[in-house]
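Colleague: Pasting a structure below so you can have a look.
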Amino acid sequence: MKKLSVLLITGLTIALTACGTASEQPAPETSEVVEDTTENTVEDTVQEPEADPVAETEAPSEESLINDFREAQDLWFRFEGGFDSDYDDTVMGEISGYAAEFYRVTEPGISSLQDLEDYLSARVDREYVAEAMSKTEMYMESDGSLYACPAGRGDDLSIGWVEFAAETNGTTGNVIVTIHRMDYYLALQDFYESGEVNVYEYPFTIVDGHAMFDSMNYLCGSYPAEAPIDGYDVAALETALMEAVEGTWFDEDGSSYYEILADGTFTYYADGEALYSGYIVASGDDGGSYMMNGDDFNGTVFVMDLDQAGIPIILFDDGGTVFTKGEG
């Protein structure tokens, strides 16, 4: 509420008579009313509650946070040796004190170490990025360009089915990555889930509606499956393989063969004469390798291959001796 103040311009003149009595006073001039433009007092001000910027900002979805993690993984893959480079434009540098050839990075907008730091800091904490860059010798600047010595690392083929999840608590949270490992079954030339599971957590802070990760490492899986892969009952498969190996296995000209019984014991014949005997057991590592053990030898590994045509063969580890079942 505004207050009004009254300014009185009196112009009064007080005259004293010789006898000490007051003379007649003139009428006062008209008073002027002036509006007070001062600010309201604290008592008159109605305080509006301040808006909560966190409450008014819509939290990013789980899908958005997982996509941020994928972007961070791509950045770190490139940082660890995945940048496209011009292999005809090279300079010489050093890695661990040894001479090495560096190739010009062709990623648009990256021509200096500062550009690289800015690039990686899009999804990863800048202090962490700066520390990681200080520990690598893979990059150098030359003539206004950035050069890299590729790491040449490959994918981790044991990464099978991968699950992603994200959880938040205000402006912080974690992306949780669950990897279901797989092994390669040589006997079937296919992968199966090994039962090993690894869980990784990546803390982040939400900045401008996106996840900024505290740290990062590349999981080495360019094409992880996002649903369970077709697996095998390993125990049942090994039983089936041992059943399949039972029988007589001839070499290419039929002059020698293995006679393998259901319990895994075998006898080797050459030119009709039994030369040695032993037993076989599944190695358990890849499901297609077996150890052959006998009186005169042990440790010979062979692989039984059930190909798509359903014809089982034994291929010795020298790669040159093949035995085919039941065809002498």
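The values are calculated or read from the model by the stated rules, or taken from the named source; none is laboratory data. All figures in this text were calculated on a predicted structure; none of them were measured in a lab. Please note: Cβ atoms are built from the backbone with ideal geometry, for glycine as well, and neighbour counts cover all protein chains shown.
Colleague: Does D208 satisfy the condition of being at pLDDT 70 or above and within 30 Å of D263 (Cβ to Cβ)?
Modeller: Numbers: at pLDDT 70 or above: yes; within 30 Å of D263 (Cβ to Cβ): no.
Considered against the rule, which asks whether it is at pLDDT 70 or above and within 30 Å of D263 (Cβ to Cβ), D208 comes out as no.
Colleague: Which residue is farthest from T205 (Cα to Cα), if the candidates are limited to the stretch 116-143 and must be part of a helix (DSSP H, G or I) and among the aromatic types (F, W, Y)? Write out each step before concluding.
Modeller: Step one: filter the stretch 116-143 for residues part of a helix (DSSP H, G or I), giving 116-120, 126-134.
Filter again for among the aromatic types (F, W, Y), leaving 119, 128.
Working: Y119: 18, Y128: 13 Å.
So, considering only residues that are part of a helix (DSSP H, G or I) and among the aromatic types (F, W, Y), the one farthest from T205 (Cα to Cα) is Y119.
Colleague: Another question, if that's okay. Restrict the check to the stretch 246-265 and report whether at least one residue is closer than 28 Å to D74 by Cα, at pLDDT 85 or above and either assigned to a loop (DSSP other than H, G, I, E, B) or out of contact with any strand residue (DSSP E or B) (no Cβ under 9 Å at 6 or more places or on another chain) (or both). If you could, list the steps in order and put the result at the bottom.
Modeller: Narrowing the stretch 246-265 to residues closer than 28 Å to D74 by Cα: none.
No - not one qualifying residue is present in the stretch 246-265.
Colleague: Can we say G97 is over 23 Å from C220 (Cβ atoms), in contact with a helix residue (DSSP H, G or I) (Cβ under 8 Å, 6 or more places away or on another chain) and either modelled with pLDDT under 90 or exposed (fewer than 15 other Cβ atoms within 10 Å of the Cβ) (or both)? Walk me through how you get there before you give the answer.
Modeller: Values: over 23 Å from C220 (Cβ atoms): yes; in contact with a helix residue (DSSP H, G or I) (Cβ under 8 Å, 6 or more places away or on another chain): no; either modelled with pLDDT under 90 or exposed (fewer than 15 other Cβ atoms within 10 Å of the Cβ) (or both): yes.
For G97, the condition - over 23 Å from C220 (Cβ atoms), in contact with a helix residue (DSSP H, G or I) (Cβ under 8 Å, 6 or more places away or on another chain) and either modelled with pLDDT under 90 or exposed (fewer than 15 other Cβ atoms within 10 Å of the Cβ) (or both) - is not met.
Colleague: Does at least one position in the stretch 222-245 carry a residue that is modelled with pLDDT of 85 or more and either out of contact with any Cys (no Cβ under 8 Å at 6 or more places or on another chain) or in a strand (DSSP E or B) (or both)? If you could, list the steps in order and put the result at the bottom.
Modeller: So in the stretch 222-245, the residues modelled with pLDDT of 85 or more come out as none.
Within the stretch 222-245, not a single residue is modelled with pLDDT of 85 or more and either out of contact with any Cys (no Cβ under 8 Å at 6 or more places or on another chain) or in a strand (DSSP E or B) (or both).
Colleague: Something else about it: Quick one: is D125 closer than 25 Å to D214 by Cα, touching a residue at least 40 places away in the same chain (Cβ under 8 Å) and surrounded by 15 or more Cβ atoms within 10 Å (Cβ to Cβ)? Let's see the steps before the verdict.
Modeller: Details: closer than 25 Å to D214 by Cα: yes; touching a residue at least 40 places away in the same chain (Cβ under 8 Å): yes; surrounded by 15 or more Cβ atoms within 10 Å (Cβ to Cβ): yes.
Considered against the rule, which asks whether it is closer than 25 Å to D214 by Cα, touching a residue at least 40 places away in the same chain (Cβ under 8 Å) and surrounded by 15 or more Cβ atoms within 10 Å (Cβ to Cβ), D125 comes out as yes.
Colleague: Would you mention how many residues in the stretch 191-208 are touching a residue at least 24 places away in the same chain (Cβ under 8 Å) and outside any strand (DSSP E or B)?
Modeller: The number of residues fulfilling the criteria is 0.
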